[in-house]
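Trainee: My structure is below; once you've seen it, I'll send some questions.
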Amino acid sequence: MAWAVHEGTPKTDASVRTIALDSDTAQLLRAHRQQQLQERLAMGEAWTDTGFVFTQPDGTRLHPQHISDQFLWLAYLAGLPPIRLHDLRHGAASLMLAAGVEMKVVQETLGHTSSAFTADTYTSVYPQVAMAAAEKTAALLFGEEDQTEPGKLISLRS
C-alpha cells in the first residue's frame, strides 16, 4: 500500500495557508497554466480534469514518487549530491533568513506552529548571515554605521 496515493485533509490547520510568490515565479506559473490549457484543448474529451496544477499531458495526476525521482535525476545531472525533494524546505528556510526575512514569516510560510521549531529544525547559519550579525553588533557597540567593508573578514591575530 506504500505506492498508493492517499488524498485527504492536511495534518494541521496551519497546513492550510496562502504562500506568497515572487513575481517571476507567478509569471512562470501563468505560462505553465497557458500550456496546460493548450494541452486540455488538444486532448478534448480525453482530458481528465483533476484540478491539479501539475499533471500529465492528459490532465491525470502525477504520482509523487515520479516527481521525487525526476528531482533526484535533475540533481544528479546538475552534479549535486543526492537530496530529497522534501529537504528543499530546509534550504528555503535558510535562504529566507539569509535574505533577511523575519523568523515569524519563515515559520508561517512553512506552516509551523512555533518559530522555535522552525529555527531549530529548518535553518542553518550562512557565513553571510553571521557576518551581517557581527557587523550589526559592532555598529551597536561602537556607535558607528560601518566598521569596515561589509563582508570583509578581518583577523584578530594581526
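Trainee: Has the stretch 18-28 got at least one residue that is under 27 Å from GLU108 (Cα atoms) and in contact (Cβ under 8 Å) with a residue 60 or more places away in the chain?
Mentor: yes
Trainee: Within the stretch 18-31, track down each residue that is farther than 28 Å from HIS112 by Cβ and either open to solvent by less than 90 Å² (accessible area, probe 1.4 Å) or assigned to a loop (DSSP other than H, G, I, E, B) (or both). So that I can check it myself, show each step before the final result.
Mentor: Our first condition is that a residue be farther than 28 Å from HIS112 by Cβ; within the stretch 18-31, this holds for 27, 30-31.
ALA31, the sole residue that qualifies.
Trainee: Hey, among HIS90, HIS86, which residue is surrounded by 14 or more Cβ atoms within 10 Å (Cβ to Cβ) and of a type outside the set (D, E, K, R)?
Mentor: Numbers: HIS86 fails: surrounded by 14 or more Cβ atoms within 10 Å (Cβ to Cβ).
Result of the check over HIS90, HIS86: HIS90.
Trainee: Oh, and also: Output the number of residues of the stretch 38-51 satisfying the condition of being open to solvent by 80 Å² or more (accessible area, probe 1.4 Å), within 20 Å of LEU28 (Cβ to Cβ) and not basic (Lys, Arg). It would help to see each step written out before you state the result.
Mentor: Taking the stretch 38-51 and keeping what is open to solvent by 80 Å² or more (accessible area, probe 1.4 Å), we get 38, 40-42, 45, 49.
Within this subset, residues satisfying the condition of being within 20 Å of LEU28 (Cβ to Cβ) are 38, 40.
Subsequent filtering for residues that are not basic (Lys, Arg) retains 38.
The total comes to 1.
Trainee: Also: Across the stretch 1-14, what is the total count of residues that are assigned to a helix (DSSP H, G or I) and exposed (fewer than 11 other Cβ atoms within 10 Å of the Cβ)? Working first, answer last.
Mentor: Step one: filter the stretch 1-14 for residues assigned to a helix (DSSP H, G or I), giving 13-14.
Then keep just the ones that are exposed (fewer than 11 other Cβ atoms within 10 Å of the Cβ); that gives 13.
Total satisfying the criteria: 1.
Trainee: Quick one: in the stretch 56-83, of everything that is touching a helix residue (DSSP H, G or I) at 6+ places or on another chain (Cβ under 7 Å) and either at positive phi or not in a helix (DSSP H, G or I) (or both), which residue is most open to solvent (accessible area, probe 1.4 Å)?
Mentor: PRO82
Trainee: Here is a follow-up. Out of the stretch 102-132, which residues are over 30 Å from GLN70 (Cα atoms) and assigned to a loop (DSSP other than H, G, I, E, B)?
Mentor: GLU102, THR113, SER114
Trainee: Here are LYS152, LYS136, LYS104: which of them is open to solvent by 80 Å² or more (accessible area, probe 1.4 Å), among the charged types (D, E, K, R) and modelled with pLDDT of 90 or more? Break it down stepwise before answering.
Mentor: On the way: LYS152 fails: modelled with pLDDT of 90 or more; LYS136 fails: modelled with pLDDT of 90 or more.
Among LYS152, LYS136, LYS104, only LYS104 is open to solvent by 80 Å² or more (accessible area, probe 1.4 Å), among the charged types (D, E, K, R) and modelled with pLDDT of 90 or more.
The values are calculated or read from the model by the stated rules, or taken from the named source; none is laboratory data. Owing to the predicted nature of the structure, the values given are computational and were not obtained by experimental measurement. A quick note on method: Cβ atoms are made from the backbone with ideal geometry, for glycine too, and the neighbour counts reach across all protein chains shown. Heavy atoms of the whole protein, side chains included, go into the accessibility calculation; ligands, DNA and RNA do not. Shrake-Rupley method; radii C 1.70, N 1.55, O 1.52, S 1.80 Å.
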